[in-house]
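Asker: Take a look at this one; I'll ask things after.
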Amino acid sequence: MVRFSSRWFHAVATKGAFDCYGILLLIPLLLVGCSYEPPHFLPNLVEIEIEQDEDEPVTREQQKTIADTLLALFGTPDHPVQKDSKEGTSPLKSFGFDMGKVEIAAGKTYSDAQGKQHGLYRLHCAHCHGITGGGDGPTAPFLNPYPRDYRQGVFKFKSTFGPAKPTHDDLKRVLLEGVPGTSMPSFRLLPDNEIEALVEYVEYLSVRGETEIQLIEFVAAEGEMPGTVAEIAGGFPLALDDEGVPEDEPEEENVVASVMYHWLNAPSQVIRPVTPKIDYLDPNPEELAASVKRGEKLFYSKDMQCNSCHGDSGLGDGLQEKYSIWFKWRENLETGSDDPEKIARVVHQFMEAGALKPRTIKPRNLRLGVYQGGRRPIDLYRRIYSGINGGPMPAQGTEQGISGDEVSDSDAGGSIPREQIWDLVNYVLSLPYQPLSKGPPQRAGSKYSPR
Ligand code: HEC
Ligand code: HEC
């Protein structure tokens, strides 16, 4: 029996079934034989490292209890659907997951006698997003931006407001369209049932990862688990109102239900824009030009200061030094210490725990006409209204204003009337076609302004 280092094994395992023929060239290994060791979910050591800074570290024993609890609730990468011996059902079902879909996406990659593909996640996603969904598959270190770490439950390109979860359709849209301008590909060629299974599996990995983070945080703060495994798995079914949205938040010890609450709540958070004045299928040129002009003014206005990040010409060359939420620990380090050696030491410690090399987030170059969250006017409306989750791009709207024409602008809050968001959309959409040297009207003499 040969043991591989876990990192190396993780890399091999993500490619699917471990195949003895594939290592014929490794003669020393051949001499001692080889075996299939199923991949396992890796513990979130980065989150533990974050919590270790606090007074009470999470002990090894507590880490084991957390791992055992997650195993009981979510199973393994090969067998996510654990059969509960008493009830004959998996807790996943009571959490609201479609187990048939989860099972098709999970596990080893193979096609069955009917030609049905199994192990879809490992086939299509794991080399980037990692078996555990930590955004840390073997390809990840070479990509910029890095693949999403689902475990934080933070998603960027969605129709819902602020930190609200994406809807099922939002995730489906990401899989169909990909994320343009990044390495996240489109999976449009896959049949619909496979896309559905993959979306379900992303939700499963995300809920699992968030549950783990909440358990780590609770144990770090209280020195004990929030409840028994049954309590952590309990609280279902959540009572839903007519629109299918949960009525009350679950109890604190019902950790999974507390995480699921936000997923089920997502449809009530969808941003429905006020009806645009421009008919995008047949725009009136003068009206559009006037809207673009108004948008330009807003872009450079004191309230918005879009140019402070996106640069005076929209090239994305403004503020550069912010970290996204996945690397907040790096930013916190910087504010806590000005000793570069200490910072380097702690960063090394985090990378030993599995973190990727921290990178700051660049504001988008709005001159390229490539929009990661979709290029339709409504996509840009939602991006500007809500900001982009997980990073510095700020929201211009508020939760009260999300329900379209049903809310009057005076009730909508936010820094500008919602009609003006469309002006910003139109200005942003016009930027790739405008001469580059357009600087802010009020800042003649700045880097890109005409002389
Ligand atoms: C070649 C690498 C790669 C592969 C393969 C890949 N992704 Fe991604 N994925 C990325 C990157 C990079 C991002 C982050 C884009 C960003 O931050 O703008 C991403 C982002 C995402 C997001 C988050 C979108 C959001 O709104 O925040 C989801 C969901 C996702 N991928 C799902 C999948 C699924 C499911 C698969 C397999 C079917 C897959 N990805 C395959 C690289 C990849
Ligand atoms: C504090 C910095 C900051 C400010 C202010 C800011 N942005 Fe951004 N913006 C960003 C960053 C960073 C990104 C990239 C986010 C990402 O990739 O996750 C971004 C992305 C975008 C995108 C790309 C959306 C997509 O789908 O690719 C648009 C459009 C945009 N910003 C418009 C605006 C407008 C309009 C304003 C002013 C109302 C504005 N931004 C203000 C930092 C900022």
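Residues checked against (1) surrounded by fewer than 20 Cβ atoms within 10 Å (Cβ to Cβ); (2) under 14 Å from the mean Cα position of the chain (by Cα); (3) away from ligand 1 (no atom under 11 Å from the Cβ):
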| position | (1), (2), (3) |
| --- | --- |
| PHE155 | no, yes, no |
| LYS158 | no, yes, no |
| ASP169 | yes, no, yes |
| VAL174 | no, yes, no |
| LEU198 | no, no, no |
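Asker: Within the range 390-411, does at least one residue satisfy the condition of being more than 22 Å from LYS293 (Cβ to Cβ), in contact with a Gly (Cβ under 9 Å, 6 or more places away or on another chain) and among the polar types (S, T, N, Q)?
Answerer: Looking through the range 390-411, at least one residue is more than 22 Å from LYS293 (Cβ to Cβ), in contact with a Gly (Cβ under 9 Å, 6 or more places away or on another chain) and among the polar types (S, T, N, Q).
Asker: So ILE402 clears everything in (1) away from ligand 1 (no atom under 16 Å from the Cβ); (2) modelled with pLDDT of 95 or more; (3) among the hydrophobic types (A, V, I, L, M, F, W, C) except one condition, right? Which one?
Answerer: ILE402 satisfies every listed condition except (2).
Asker: Could you say which residue among SER301, SER291 is surrounded by 13 or more Cβ atoms within 10 Å (Cβ to Cβ), of a type in the set (Ser, Thr, Tyr) and in contact (Cβ under 8 Å) with a residue 60 or more places away in the chain? Steps first, please.
Answerer: Details: SER301 fails: in contact (Cβ under 8 Å) with a residue 60 or more places away in the chain.
That would be SER291, the only listed residue that is surrounded by 13 or more Cβ atoms within 10 Å (Cβ to Cβ), of a type in the set (Ser, Thr, Tyr) and in contact (Cβ under 8 Å) with a residue 60 or more places away in the chain.
Asker: Select the helices (runs of 4 or more DSSP H) contained entirely in the range 227-326, then report the ones holding at least 2 residues which are more than 16 Å from ligand 1 (Cβ to nearest atom) and small (Gly, Ala, Ser). Give the derivation first.
Answerer: Numbers: elements: 229-233, 255-265, 285-299, 306-310.
Answer list for the range 227-326: 229-233, 255-265, 285-299.
Asker: Still on this model: If you go through the range 304-352 one residue at a time, how many are within 19 Å of LEU436 (Cβ to Cβ) and buried (at least 16 other Cβ atoms within 10 Å of the Cβ)? First the steps, then the outcome.
Answerer: Filtering the range 304-352 down to residues within 19 Å of LEU436 (Cβ to Cβ) leaves 306-318.
Filter once more, so that each one left must be buried (at least 16 other Cβ atoms within 10 Å of the Cβ): 306-307, 309-318.
Going through the range 304-352 one residue at a time, the tally reaches 12.
Asker: Something else about it: Among what's in the range 108-125 and is away from ligand 1 (no atom under 11 Å from the Cβ) and touching a residue at least 40 places away in the same chain (Cβ under 8 Å), pick the residue that is farthest from the chain's Cα centre (by Cα).
Answerer: Applying the first criterion (away from ligand 1 (no atom under 11 Å from the Cβ)) to the range 108-125 yields 108-119.
Pick out the ones that are also touching a residue at least 40 places away in the same chain (Cβ under 8 Å) and you get 108-110, 117, 119.
Working: LYS108: 24, THR109: 24, TYR110: 28, GLN117: 26, GLY119: 22 Å.
Result: TYR110.
Asker: Ok, one more. List the residue pairs whose Cβ atoms are under 7 Å apart, where the first residue sits in the range 405-416 and is among the charged types (D, E, K, R), the second is assigned to a helix (DSSP H, G or I) and at pLDDT 80 or above, and the two are 6 or more positions apart or on different chains.
Answerer: Cβ pairs passing all conditions: ASP409/GLU419; ASP411/GLN400.
Asker: Please find, within the range 126-151, the residue that is farthest from ligand 1 (Cβ to nearest atom) out of those that are assigned to a helix (DSSP H, G or I) and closer than 21 Å to GLY75 by Cβ.
Answerer: Within the range 126-151, the first condition is being assigned to a helix (DSSP H, G or I), and the residues that meet it are 126-129, 140-142, 150-151.
Narrowing further to those that are closer than 21 Å to GLY75 by Cβ: 126, 129, 150-151.
Values: ALA126: 8, HIS129: 6, TYR150: 7, ARG151: 12 Å.
Out of the qualifying residues, it is ARG151.
Asker: Can you pull out every residue in the range 150-183 that is in contact with a Leu (Cβ under 9 Å, 6 or more places away or on another chain) and within 27 Å of PRO358 (Cβ to Cβ)?
Answerer: TYR150, ARG151, PHE155, LYS158, LYS165, LEU171, GLY181, THR182, SER183
Asker: Could I ask something else about it? Can we say GLN117 is among the polar types (S, T, N, Q) and within 16 Å of ligand 2 (Cβ to nearest atom)? Don't jump to the end; show me each part of the working.
Answerer: Numbers: among the polar types (S, T, N, Q): yes; within 16 Å of ligand 2 (Cβ to nearest atom): no.
No; evaluated as a whole, the condition is false for this residue.
Asker: If you don't mind, there's one more thing I want to ask. Taking the conditions exactly as written (within 14 Å of ligand 2 (Cβ to nearest atom) and either touching a residue at least 40 places away in the same chain (Cβ under 8 Å) or assigned to a helix (DSSP H, G or I) (or both)), does LEU356 satisfy them or not?
Answerer: Working: within 14 Å of ligand 2 (Cβ to nearest atom): no; either touching a residue at least 40 places away in the same chain (Cβ under 8 Å) or assigned to a helix (DSSP H, G or I) (or both): yes.
Taking the combined requirement at face value, the residue does not satisfy it.
Asker: A follow-up question, please. Go through the range 152-175 and give me each residue that's on the phi < 0 side of the Ramachandran plot, in a loop (DSSP other than H, G, I, E, B) and either within 15 Å of ligand 2 (Cβ to nearest atom) or among the basic types (Lys, Arg) (or both). Quick ask: steps written out before the conclusion?
Answerer: The initial filter retains those residues of the range 152-175 that are on the phi < 0 side of the Ramachandran plot, namely 152, 154-161, 163-175.
Still in the list and also in a loop (DSSP other than H, G, I, E, B): 154-159, 161, 163-167.
Result: VAL154, PHE155, LYS156, PHE157, LYS158, SER159, PRO163, LYS165, PRO166.
Asker: Given the residues ALA221, ALA126, which is the only one that is in contact with an Asp or Glu (Cβ under 9 Å, 6 or more places away or on another chain) and under 30 Å from LYS64 (Cα atoms)? Outline the logic, then answer.
Answerer: Numbers: ALA126 fails: in contact with an Asp or Glu (Cβ under 9 Å, 6 or more places away or on another chain).
Every option except ALA221 fails the conditions.
The values are calculated or read from the model by the stated rules, or taken from the named source; none is laboratory data. No experiment lies behind these values; they were computed from the predicted model shown. Please note: Cβ atoms are built from the backbone with ideal geometry, for glycine as well, and neighbour counts cover all protein chains shown.
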